Amino acid sequence: MCTVNILEQINEINGNIMKLYIEKLFAIGNNMKQSVSNDNENNDDIGMADTGIPHISESHKDLIFNTFRRILKLITLVDSKDLPKVSELLNSLKDVVLGFPGFKKSKIDGDTELIYKKAIDTINDPTADIYLNLIDCKNVLFKAD
């Protein structure tokens, strides 16, 4: 059974992912409007740069990467029977990032790499869904070494 603290963390991570879904839909709609009207004057948090290429705000990139790090930390805290719940969070994050206008993979930083390795070690079963989902999500977010 999850503790209240773990449930609160899952709820907060879910809230962040829902915010990202909303921003993704807004960005897609905004980019479609701008491409139809060819009007680049509206330069919101997410939109088209002067070059016509979609871009993503730093705050949204930070939210994506911070959410991933929070999920990694959560993996190390939950019981193995609760890992499927965390696996669903990884799938949701991966789904929201795929097709997010302007999102580009970046190089993984040292702290995130350490937390990632600790999470992988915690899982201990390379055939588990969460293990595979974790690798998939990392590959969506970060460039290969």
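Brief remarks on what is shown
- 0 to 90° range, to nearest 10: angle between helix 4-37 axis and the chain longest Cα axis: 20
- Accessible surface of Thr3 - all protein chains present, 1.4 Å probe, nearest 10 Å²: 80
- Accessible-area value, Asp125, 1.4 Å probe, nucleic acids and ligands omitted, Å²: 60
- Cross-link pairs exceeding 26 Å between alpha carbons, from the set Lys33/Lys107; Lys81/Lys118; Lys85/Lys117: Lys33/Lys107.
- Which of His60, His55 is most accessible, then next, and so on - probe 1.4 Å: His55, His60
- Computed over the chain: relative contact order in percent, which uses C-alpha pairs under 8 Å that are six or more apart: 27
- Per the Debye calculation on the chain with a single equal scatterer at every Cα and no solvent contribution, log₁₀ I(q)/I(0) for q = 0.09, 0.17, 0.19 Å⁻¹ amounts to -0.31, -0.92, -1.08.
The values are calculated or read from the model by the stated rules, or taken from the named source; none is laboratory data. Model, not experiment: these values are computed from the prediction. SASA here: full protein model, heavy atoms, side chains in, ligands and nucleic acids out. Shrake-Rupley method; radii C 1.70, N 1.55, O 1.52, S 1.80 Å.
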